[in-house]
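The numbers here are math on the coordinates, done by the rules we state, and not lab data. Please read all numbers here as calculations on a predicted model, not as lab measurements. No Cβ is skipped: glycine too gets one built from the backbone with ideal geometry, and neighbour counts run over all protein chains shown.
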Amino acid sequence: MTISDKQTEYKVIGTRPIRPDGLDKVLGRAIYGSDIKLPGLIWGAVLRSPHPHARIVKIDTSKAEKFPGVLAVMTGKDMPAAKSIEIESGEEVTNITYASEKLMAQNLVVYKGHPVAAVAASDQNIADQATRLIEVEYEILQPVLTVDDAMNPNFPVIHKNLIGKDLGEEVLSTNVAEHFRHEAGDLTKGYNQATTIIERSFEMPMVHQGYIEPHNATAIWKSDGKIEVWTSTQGAFSARNALAPILDVPDTDIKVTPLEIGGGFGGKIGIYLEPIAAILSKKSGRPVKLVMDRKSIFEGTGPTPGGRVKVKMGVDDTGQITAAEVDLWYEAGCYPGSPVGAGAQCSLACYRIPNTRIDGWDIVVNKPKTAAYRAPGATHAAYAVESVIDELSAAIGMDPIDFRLLNGVKEGDRRADGPIFPRIGNIEQLQALKESAHYNSPLGVSDEGKLRGRGVANGFWFNGGMQSCVTLNVNFNGEVGLVEGSTDIGGTRASIAMQAAEVLGLQMEDIHPVVVDTDSVGYTDATGGSRTTNATGYAAYIAAHNTIAAMRERAAILWEINVDDVDFSEGIFFSKSDSELKMSFKELAAKLPESGGPLSASGSIRQRGSGGGFGSHLVDVEVDPDTGKVDIIRYTAAQDAGKAIHPSYVEGQIQGGAVQGIGWALNEEYFWNKNGVMENSTFLDYRMPTSLDLPMIDTIIVEVPNPSHPFGVRGVGETPIVAPVGAIANAIANATGARINELPMKPSRVLSALESACECC
């Protein structure tokens, strides 16, 4: 269902054409990273540390080097000296020294799975065998595994050279990379006005993005110094940006070709194998391919952080929230850079609260360096805040959606961390959920004695903008080739092509989008942060208008009139002064050879933002009081999409985010033993939901146009994962009378909560 506050007539936008990459994918013709085969290709394997924290005393690679079929061996000594500089890498800022050390240990291993050596050989089996011949002597150190450990003076400091910042002041000898604060108003005054105050603390583990395709990289370091890389990445330019300083070469010496991607969700913005493949290629003189196994993915790539969130909030007897405090302690993993900043920005963004304080801590622990995962950092905060919001609404006897509507932000309100909201659809999407058939239906009673409950939660993601470039090539039959640099994860080839088609007065099928390498298109930031349909679509919009301008000149030549006399509307070029002079886009395209030859036009943009995205989720659950198992029996998600370019893809994004949030809420976790070893590093043990665990996810698309985009587009991919965990927590509490403040809400925790509730009764 789609609800729009402004009906604009479009011919292409809002329709549901077949995605241009669909046929190749269902027929198995699409080229993924593992499909690349180059002449002379050899295979690589990586030796990883079995310890989460240890000093490398000695590495002996001699046996591996002598093993038949081995063509190259590398260790940390083969990595170029990394410069201590910071670069933008997709959704985060990356320190190159840390990025290099993460890829291949120098003297210290700081997470289990940390690469310590790599081998390239004539086939994969030989490479794997050879890594087992490498002898490494470790001095095992005490691991730092939790935020409490990291801040405990009795535990070691992981990086002796780390200079932390505590509210702007430098701190030495610390595992706390940063502590920051956002403040507004007067908390004391706010709490004095409150009649009800609730304070709660919430714990959450690391979780995985759950992409199916493994990380991969194929690289060749040519004799002329040029490097070519083929990889499944969310951003070819972001990969190049990271590769160049790590390999100590100019970025123009590197060409990255992005291939089809079997899922990413933020986890394939960073690089893991590409520099290793390149160095092994340089040493062997051959192209090298590396592909991770699943265990290496879990242990050696970035999950979303674990940590703790504490919320304190007060409300007066009218239902107005008067004060709120949020403390966020996020695990960064083995190097600084958790998404705690984004978590802080999103934590209170849904609500108008006059007195606030938000503190965030970025904390280094001996676990894999965290990576983005769909609205990185926001889900953690929303789980905590929305749980307290629900408790407050119950405490004062107010409907949970009415409470959120009363306190919800609108245009002109200031976010707790400072920015003022432009036109947003928070109230509209909440109202749509309140008016839904689901919310107005009875919860019903289970025939099997199970406990039923209903929960709701709100969520926000600020949506990214960043840089994009698109080139349009007009063919003589009137069809148009669209060249872009944005990896297509969720159907963006279609959504970008549709925006170009709308401007050009063509059908979506007349536009042929292709994602190309870093030498073939202008700079384009990674697909992530819900930026691509907005920013790259805007670049396509500009390119289409530039195309029309160029074709107006061609029409003027053919008609021998002034270009100012040529206009364009709905796919037709016409003379303003002579009604007999008119041609369709395709007719004019056929005449390009006689009016100047081939025609191309480009568009580029640095979009400052994609418009804030708000979404609310409603869920009904059944809880088995005997086993603690939670079943999702009904689910509805409402979201402001600004303008749904391709409604099917918007629905898919909402449904996908909801499903990932359900897994996060009920099942998923990195389970560490006391030695810092992950004990569920396969999909057999890391429990993700399947279709058998889920009902149909109903969606409500609300359209409140984003004023910073010509078609009103907002990002839609991040917001849907923010609310589910809080909504499910609230539903379980509604069903059982017991709140669970630790994730995942697995059967054992549900049973414990039920037992505690019974004891209190």
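Here the Kirkwood formula puts the hydrodynamic radius of segment 242-299 at 13.1 Å, using every distinct Cα pair. Karplus-based coupling profile of segment 390-404, in residue order and whole Hz: 5, 4, 5, 4, 5, 5, 9, x, 10, 3, x, 6, 4, 4, 5, with θ = phi - 60° in 6.51 cos²θ - 1.76 cosθ + 1.60 and x standing for Gly or Pro.
Straight Cα distances below 12 angstrom link Lys83 to the aspartates and glutamates Glu101, Asp248, with same-chain residues fewer than 8 positions distant left out. Toward the positive end of the charge dipole of segment 541-670, with +1 on the Cβ of Lys and Arg and -1 on the Cβ of Asp and Glu, the farthest Cα among Val566, Ile548, Ala638 is that of Val566.
Note on Lys586: aspartates and glutamates with a C-alpha under 17 Å away, same-chain residues under 8 apart excluded, are Glu479, Glu502, Glu509, Asp510, Glu553, Asp567, Glu570, Glu594. Label sites at Asn192 and Ala81, each approximated as a point 7 angstrom past Cα along Cα to Cβ, lie 6.0 nm apart. With unit charges on the beta carbons (Lys and Arg positive, Asp and Glu negative) and the dipole taken about the Cα centre of the chain, which residue among Ile662, Ala395, Phe180 sits farthest to the positive side? With unit charges placed on the Cβ atoms, the residue in question is Phe180. Ranking Pro305, Gln234, Met292 by how far each Cα lies toward the positive end of the dipole of segment 209-313 (charges on Cβ) leaves Pro305 at the top. When every Cα-Cα distance of the chain is counted in 20 angstrom steps from zero, the calculated P(r) takes the values 16, 46, 31, 6, 0 percent. With Cα atoms defining each centre, segment 282-319 and segment 682-696 are spaced 19 Å apart in the structure. Computing FRET efficiency as 1/(1 + (r/R0)^6) for Asn675 and Glu203, where r is the C-beta to C-beta distance and R0 is 30 Å, gives about 0.90. For the chain, what does -39500 (n - 2.57) per DSSP helix run (n ≥ 4), summed and divided by total residues, give at 222 nm, in deg cm²/dmol to the nearest 500? Here the helix-only value at 222 nm equals -8000 deg cm²/dmol.
If we sort 380-386, 178-184 on the protection proxy, mean other Cβ atoms within 10 Å, highest first, what's the order?
Per-residue mean Cβ counts within 10 Å order the peptides as 380-386, 178-184.
Shape class for segment 25-146: oblate, because the ratio a/c of the largest to smallest gyration tensor axis (alpha-carbon atoms, square roots of eigenvalues) is 1.5 or more and b/c is at least a/b. Highest mean first, the peptides 240-246, 51-57, 303-309, 293-299 sorted by other C-beta atoms within 10 Å per residue fall in the order 303-309, 240-246, 51-57, 293-299.
Cα centroids of segment 60-137 and segment 561-621: 49 Å apart. Highest-first packing order for the peptide set 273-282, 662-671 is 273-282, 662-671, based on the mean count of other beta carbon atoms within 10 Å. What shape does segment 627-746 take by its C-alpha gyration tensor, where a ≥ b ≥ c are the square roots of the eigenvalues and a/c under 1.5 counts as rounded, a/b above b/c as prolate, and the rest as oblate? Prolate, because a/c is 1.5 or more and a/b exceeds b/c. Among Lys283/Lys367; Lys37/Lys289; Lys629/Lys746; Lys312/Lys369; Lys289/Lys369; Lys674/Lys746, which pairs are too far apart, with a Cα-Cα distance over 19 Å? Result: Lys283/Lys367; Lys312/Lys369; Lys289/Lys369; Lys674/Lys746 exceed 19 Å. Averaging 1/r over every pair of different alpha carbons in segment 120-223 and inverting the result gives a Kirkwood radius of 20.5 Å. Of interest is the spacing of the C-alpha centroids, which for segment 327-390 and segment 716-757 amounts to 18 Å. Size descriptors for segment 465-598: radius of gyration and Dmax over Cα atoms are 15.6, 49 Å.
Within a straight-line Cα-Cα reach of under 12 Å, Lys112 can be paired with the following aspartates and glutamates, leaving aside sequence neighbours fewer than 8 residues apart in one chain: Glu299, Glu679. Pairs of Cα atoms in segment 421-532 fall into 10 Å distance bins, from 0 up to the last occupied one, in shares of 11, 27, 22, 18, 14, 7, 1 percent.
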